[in-house]
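Please read the structure below before turning to the comments.
The values are calculated or read from the model by the stated rules, or taken from the named source; none is laboratory data. Worth saying up front: this structure is predicted, and the values here are computed from it rather than measured. Here the Cβ positions follow ideal geometry from the backbone for every residue, glycine too, while neighbour counts run over all protein chains shown.
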Amino acid sequence: MMDLPQNTDTIKQLNSLLICRTDSIGDVILTLPLCGLVKSIKPGIKIYFLGKQYTRAVVEACKSVDEFIDVDDLFQKADSKQVETIKQLELDAVIHVFPRKRIAKLMYRARVSFRVGASGRMYNLLYCNK
């Protein structure tokens, strides 16, 4: 069993979280323990996972993920419908595990209040706040 992080206050305040990992299936598999860690800190949290269609079965097999969102389906919609779709999820936070500018910008436009991204990406300075 892994040790929990010392400061879990932020996670305990969340009711819903989106994990974004839209690259290869191996990297998606390596990200799934993050979902389990979050659920161990806040069991009632709703975890959404944004990924590619071919990773759906693997993600849905993870008991810690509540709902899978296909990134390609999302991006086939008009920009305003993308924003509306994300807003309907009533997300408290998003973690950009695999950074993509288009997704970071969408989460910003959808007014997700807590947006976590890699500091090494210049666009995350604009679209993320953690």
Exercise for review: For the stretch 51-72, indicate whether the set of residues that are under 17 Å from Asp23 (Cβ atoms), assigned to a helix (DSSP H, G or I), touching a Lys or Arg at 6+ places or on another chain (Cβ under 9 Å) and among the small types (Gly, Ala, Ser) is non-empty.
Suggested key: no
Point to revise | Among (1) more than 14 Å from the chain's Cα centre (by Cα); (2) at pLDDT 95 or above - the single one Asp70 does not satisfy | key: (1)
Review point. Does Thr22 satisfy the condition of being at pLDDT 95 or above, surrounded by 16 or more Cβ atoms within 10 Å (Cβ to Cβ) and among the polar types (S, T, N, Q)?
Key: no
Review point. Out of the stretch 103-130, which residues are under 17 Å from Arg21 (Cα atoms), charged (D, E, K, R), at pLDDT 70 or above and surrounded by fewer than 17 Cβ atoms within 10 Å (Cβ to Cβ)?
Key: Lys105
Review point. Checking Gly36 against (1) under 23 Å from Lys105 (Cβ atoms); (2) in contact with a Cys (Cβ under 9 Å, 6 or more places away or on another chain), which single condition isn't satisfied?
Key: (1)
Check your understanding: Within the stretch 32-65, can you find the residues that are surrounded by fewer than 20 Cβ atoms within 10 Å (Cβ to Cβ) and of a type in the set (S, T, N, Q)?
Key -> Ser40, Gln53, Ser64
Point to revise | Pick from the stretch 73-93, criterion part of a helix (DSSP H, G or I) and basic (Lys, Arg), ranking: surrounded by the most Cβ atoms within 10 Å (Cβ to Cβ) | key: Lys87
